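These notes are about the structure you will find just below.
The values are calculated or read from the model by the stated rules, or taken from the named source; none is laboratory data. No experiment lies behind these values; they were computed from the predicted model shown. Backbone-built Cβ (ideal geometry, glycine too); neighbour counts: all protein chains shown.
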Amino acid sequence: LRTYLARGGKVFFLLDPQTKAGVPDFPNLVALIKEWGIDPGTNIVLDASGVGQMLGTGPEVPIAAKYPPHPITERFNVLTAYSLARTVTANQAGANNRFAQNLVETGPSAWGETDIKALMSSGQAAQDDNDVKGPVSLGAAVSAPVTTPADPAAAPDAPDAPKPESRVVVMGDSDFASNRWLGISGNRDLFLNSVNWLAQQENLISIRAKDPEDRRITLSADQDRRIFWITIFIIPGLILLMGIQAWWRRR
């Protein structure tokens, strides 16, 4: 991966928090990400704002509505949700002359819980001095000029192709791009915009129109019979009786 990135590669890291005790947290992968000026946290982000209740979720699903300036999140004004996420923060000091930018931030009521063992065993947590105070960043991106020449045997780029860059996007959750969560508010746009930015196709970055919802109603056999009797016999019968009554009064 290191060589691939040096030659202008693009990588999208979806880095879930480690929730099992005794399981290493991908040390080589985390070290590579830190070389690009991005720091994945060893924590689980909890959100006590209660905003997730609108989506039927709890504090284990942090909700983000703040997006620092970046082409991926330009004109972004929608909510995004992340199930069991970790903090991912741009290193303000940079690394190897690479300076990342935060992409997604929670509200101030969220924090990065560092006592993962206690959280997973008891299901309860309270913010303390050891935790990462909110608002916290859940994703970051970085680009850098190519440092290693491309393979001479490779086909040359088109004359109008953008100048090659190495690009990295890191999100502290993979579930936000899964089928279950992709339909929630801005999750799909964030994922697709990240992919388009990585591909250096900024012209495809946008806020997409929502697909029309499927509003079909499934009825049981009993409900179907009731609707049949009401619409075919009862309602027309009532109208007929009202007409007969009106005619009788006018005699």
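Observations on the model:
- Note on the stretch 1-16: residues that are aliphatic (A, V, I, L, M) and closer than 14 Å to Glu35 by Cα total 4.
- Whichever residue in the stretch 71-89 is under 25 Å from Phe26 (Cβ atoms) and not hydrophobic (A, V, I, L, M, F, W, C) and, among such residues, is surrounded by the fewest Cβ atoms within 10 Å (Cβ to Cβ): Ser83
- Selection from the stretch 90-114 of residues that are surrounded by 16 or more Cβ atoms within 10 Å (Cβ to Cβ) and more than 22 Å from Lys34 (Cα to Cα): Gly107, Ser109, Ala110
- Among the residues listed as Asp47, Asp25, the single one being of a type outside the set (A, V, I, L, M, F, W, C) and closer than 23 Å to Ile184 by Cβ: Asp47
- On the stretch given as the stretch 65-80, residues that are part of a loop (DSSP other than H, G, I, E, B) and either of a type outside the set (Lys, Arg) or not assigned by TED's automatic domain parsing to the domain that holds Leu103 (or both) total 9.
- Checked across the stretch 153-165, the condition of being modelled with pLDDT of 90 or more, assigned by TED's automatic domain parsing to the domain that holds Ile63 and not hydrophobic (A, V, I, L, M, F, W, C) holds for at least one residue.
- Total residues in the stretch 163-187, condition part of a strand (DSSP E or B) and crowded, with 21+ Cβ neighbours inside 10 Å: 6
- The stretch 1-49, subset part of a loop (DSSP other than H, G, I, E, B) and of a type in the set (D, E, K, R), residue surrounded by the fewest Cβ atoms within 10 Å (Cβ to Cβ): Lys20
- Applying the criterion of being over 12 Å from Asn43 (Cβ atoms) and hydrophobic (A, V, I, L, M, F, W, C) to the residues of the stretch 99-117, the residue that is nearest to the chain's Cα centre (by Cα) is Val104.
- Residue within the stretch 81-98 that is in a loop (DSSP other than H, G, I, E, B), among the basic types (Lys, Arg) and more than 24 Å from Gln200 (Cβ to Cβ) present: yes
Yes/no matrix, rows are residues, columns are (1) in the same structural domain as Thr106 (by TED's automatic domain parsing); (2) at pLDDT 90 or above; (3) in contact with a helix residue (DSSP H, G or I) (Cβ under 9 Å, 6 or more places away or on another chain):
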residue: Thr19; (1), (2), (3): yes, no, yes
residue: Glu35; (1), (2), (3): yes, yes, yes
residue: Ile44; (1), (2), (3): yes, yes, yes
residue: Leu55; (1), (2), (3): yes, no, no
residue: Ile63; (1), (2), (3): yes, yes, yes
residue: Thr87; (1), (2), (3): yes, yes, no
